[in-house]
Amino acid sequence: MEILFLGVGEACDPEHGNTSIQVVTSGGVHVLCDCGFSVPHRYFASCTDPEELDFVWISHFHGDHFFGMPLLLLRLWEMGRTKPLTICGQRGVGDKITRTLDLAFPGFGAKLAYPVVYEDIEPDTPRRIGGLSFQAVQTVHSERNLGLMLDDGTGRLYYSGDGRPSQGVAELIRQCDIAVHEAFMLNDEFPSHGSITGCLELVRDCRLCKLALVHLERKFRREQADVIEGIIQANPHLVLPVQGTRLIA
């Protein structure tokens, strides 16, 4: 399982883009996890095949995690896609994206030349779709957010979206080879966001091999760069990716 970081920043970060990863499974299935404001331009900077993308996962309905969907759908249509695209997320994901598409490009949804299939995935209903296992867990965030464990049969990835980890998060991460987790600040200053300290606890308690820190608050990332780098150097299980970083699970 290969992970490409299209962005690693929070909503307003001008340098690192909105947090999003592209996953290519061992079987060659392509999954895009979250699609915020800045993501489509990064995605299409390297994607020339409109049929390549198989799934999109939306963790929650904050703009920096799903407001890029209208442009993604438009550009795939413009490039001539015909293959169905499956969009997965919590209950209501189809309605949210359909309404957002109509606000961005009124009437355009009816012109799409490829089917868009919506799959609701809730914490109590793990799903197997297209040879992949999707299992969700609710995190602690200001907007209902679902973390995702993606299992392709040979590797398991946890992608947090936003939010402080709940007990259910730890239970899923124990089954994973790699995790991509929000770490907004150094400590738990914000009740609805994760932290580097919290991620260190996950690594220790879950015996995780690798955890990538994303969605750092932009001023904290810039002003405390030396502190953050020191923590990374002292903890080989932690990774601080940037846009374009590739990891193997």
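The values are calculated or read from the model by the stated rules, or taken from the named source; none is laboratory data. Note that the structure is predicted; figures quoted are calculated from it, not measured. Every residue, glycine as well, gets a Cβ built from its backbone with ideal geometry; the counts of neighbours run over all protein chains shown.
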Quiz item: Do any strands (runs of 3 or more DSSP E) lying entirely in segment 5-124 carry at least 3 residues that are under 17 Å from MET149 (Cα atoms) and without any contact (Cβ under 8 Å) to a residue 60 or more places away in the chain, and which ones are they?
Solution: 20-24, 85-89
Self-check item: Top-ranked residue of segment 235-249 - restricted to ones that are touching a Phe, Trp or Tyr at 6+ places or on another chain (Cβ under 9 Å) and not polar (S, T, N, Q), ranked as surrounded by the most Cβ atoms within 10 Å (Cβ to Cβ)
Solution: PRO241
Quiz item: Looking at segment 158-174, is at least one residue more than 26 Å from VAL227 (Cβ to Cβ), in a loop (DSSP other than H, G, I, E, B), of a type outside the set (A, V, I, L, M, F, W, C) and in contact (Cβ under 8 Å) with a residue 12 or more places away in the chain?
Solution: yes
Practice problem: For segment 215-234, state whether one or more residues are at pLDDT below 95, surrounded by fewer than 18 Cβ atoms within 10 Å (Cβ to Cβ), in contact with a strand residue (DSSP E or B) (Cβ under 9 Å, 6 or more places away or on another chain) and outside any strand (DSSP E or B). | Solution: no
Self-check item: Hits in segment 125-143 - residues which are out of contact with any Phe, Trp or Tyr (no Cβ under 8 Å at 6 or more places or on another chain) and either at pLDDT below 95 or in a loop (DSSP other than H, G, I, E, B) (or both)
Solution: THR125, GLY131, THR139, HIS141, SER142
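This table checks each residue for (1) β-branched (Val, Ile, Thr); (2) crowded, with 20+ Cβ neighbours inside 10 Å; (3) touching a helix residue (DSSP H, G or I) at 6+ places or on another chain (Cβ under 8 Å); (4) more than 19 Å from GLY163 (Cβ to Cβ).
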residue: VAL24; (1), (2), (3), (4): yes, no, no, yes
residue: ASP34; (1), (2), (3), (4): no, yes, yes, no
residue: TRP57; (1), (2), (3), (4): no, yes, no, no
residue: THR86; (1), (2), (3), (4): yes, no, no, yes
residue: ILE97; (1), (2), (3), (4): yes, yes, yes, yes
Practice problem: Among the residues of segment 99-116, count how many are closer than 24 Å to GLY161 by Cβ, surrounded by fewer than 18 Cβ atoms within 10 Å (Cβ to Cβ) and not charged (D, E, K, R). | Solution: 2
Self-check item: Unmet requirement for VAL203, which otherwise passes all of (1) farther than 19 Å from GLN90 by Cα; (2) under 16 Å from the mean Cα position of the chain (by Cα); (3) assigned to a helix (DSSP H, G or I)
Solution: (2)
